[in-house]
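What follows is a single structure, written as structure tokens, with notes after it.
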Amino acid sequence: MDVFMEYLLSRKKDSKDIIIMAAIIAAGILLSLIVVLLILMFVNVPGVSSIGLLLIAGVWYGAVILMRRRNIEWEYILTNSYFDIDKIMAKSSRKRVLSIDFKDAALVAAVDDDSHNYEFKGNQTSKNVKIMDFTGGKNVGETYFIDIRVNGERRFVIFQPTSKMIEAIKNFNPRNVFIKE
């Protein structure tokens, strides 16, 4: 029986996003002030004020585009044993960030499952392991991790699947997938 599931998860804004957006606004204000000062310095030159206003509009258009790109959604796509994660920015651009086969997973378990997360907790600070977080933030749902090798590199992929999705994943690798009771 073929399995196909999709799940879209919006990422909650954290303090890093707020700092980046504040920096974008501050840069927009600073660039606008520089353009206004240049307009005042060259007020006698014809066309400078209209070019300056176009530059200010361009600065704020770019600022809005950059701030909208902080609206990130993760789309989980499960096709049989293949799992893809796409990053959707500002509901307009999509990028495939991960594609794995659950048959190759060494371990899939809940992050807070004490009987199976010893590998995850012990290797969180290791330089040999890359941790990839594709969650919507804290308290969004049940969080799982995948211990897998991608191109010879060990990775822990953190994600928040639905209960139906994790049940389907277990069917493809029953020995290594542990569902939290």
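The values are calculated or read from the model by the stated rules, or taken from the named source; none is laboratory data. Keep in mind it's a predicted model, so treat the numbers as computed, not measured. Heads up, the Cβs are rebuilt from the backbone with ideal geometry, glycines too, and the neighbour counts pull from every protein chain shown. Surface areas here come from the heavy atoms of the whole protein model, side chains and all, with no ligands, DNA or RNA. Shrake-Rupley method; radii C 1.70, N 1.55, O 1.52, S 1.80 Å.
With (1) of a type outside the set (Lys, Arg); (2) more than 30 Å from PRO161 (Cα to Cα); (3) open to solvent by 40 Å² or more (accessible area, probe 1.4 Å) as the list, and ASN71 as the residue in question, which single condition is left unmet?
Of everything listed in (1) of a type outside the set (Lys, Arg); (2) more than 30 Å from PRO161 (Cα to Cα); (3) open to solvent by 40 Å² or more (accessible area, probe 1.4 Å), ASN71 misses just condition (2).
Hey, does segment 42-50 have a residue that's surrounded by 12 or more Cβ atoms within 10 Å (Cβ to Cβ), at pLDDT below 95, more than 30 Å from ILE148 (Cβ to Cβ) and of a type in the set (Ser, Thr, Tyr)?
Yes - at least one qualifying residue is present in segment 42-50.
When the residues of segment 141-160 are filtered to those that are assigned to a loop (DSSP other than H, G, I, E, B) and at pLDDT below 90, which remaining residue is most open to solvent (accessible area, probe 1.4 Å)?
Initial filter on segment 141-160 (assigned to a loop (DSSP other than H, G, I, E, B)): 141-143, 151-152, 160.
Subset that is at pLDDT below 90: 141-143, 151-152.
Details: GLY141: 41, GLU142: 74, THR143: 36, ASN151: 155, GLY152: 67 Å².
Taking the candidates together, the pick is ASN151.
One residue is enough: does segment 21-31 have a residue meeting the conditions more than 31 Å from the chain's Cα centre (by Cα) and under 22 Å from GLY58 (Cα atoms)?
No, every residue in segment 21-31 fails to be more than 31 Å from the chain's Cα centre (by Cα) and under 22 Å from GLY58 (Cα atoms).
Only residues that are among the acidic types (Asp, Glu) and in contact (Cβ under 8 Å) with a residue 12 or more places away in the chain: list them for segment 154-181, please.
GLU167 - this is the single residue of segment 154-181 that is among the acidic types (Asp, Glu) and in contact (Cβ under 8 Å) with a residue 12 or more places away in the chain.
In segment 101-118, how many are under 16 Å from ARG175 (Cβ atoms) and surrounded by fewer than 16 Cβ atoms within 10 Å (Cβ to Cβ)?
Residues in segment 101-118 being under 16 Å from ARG175 (Cβ atoms) and surrounded by fewer than 16 Cβ atoms within 10 Å (Cβ to Cβ): 5 in total.
Taking the condition of being farther than 19 Å from TYR61 by Cα and part of a helix (DSSP H, G or I), how many residues in segment 32-45 meet it? Let's see the steps before the verdict.
Looking only at segment 32-45, we keep the residues that are farther than 19 Å from TYR61 by Cα, and these are 37-45.
Cutting the leftovers down to part of a helix (DSSP H, G or I) gives us 37-41.
The number of residues fulfilling the criteria is 5.
Go through (1) loosely packed, with under 14 Cβ neighbours inside 10 Å; (2) at pLDDT 85 or above and name the single condition LYS138 misses.
If we test LYS138 against (1) loosely packed, with under 14 Cβ neighbours inside 10 Å; (2) at pLDDT 85 or above, just (2) comes out false.
Listed residues LYS121, LYS130, LYS103, LYS95; which is at pLDDT below 90, basic (Lys, Arg) and under 25 Å from ARG69 (Cα atoms)?
LYS130
Return the residues of segment 142-181 that are among the basic types (Lys, Arg) and farther than 15 Å from TYR76 by Cβ; say none if nothing qualifies.
Filtering segment 142-181 for residues among the basic types (Lys, Arg) gives 149, 154-155, 164, 170, 175, 180.
The answer is ARG149, ARG154, ARG155, LYS170, ARG175, LYS180.
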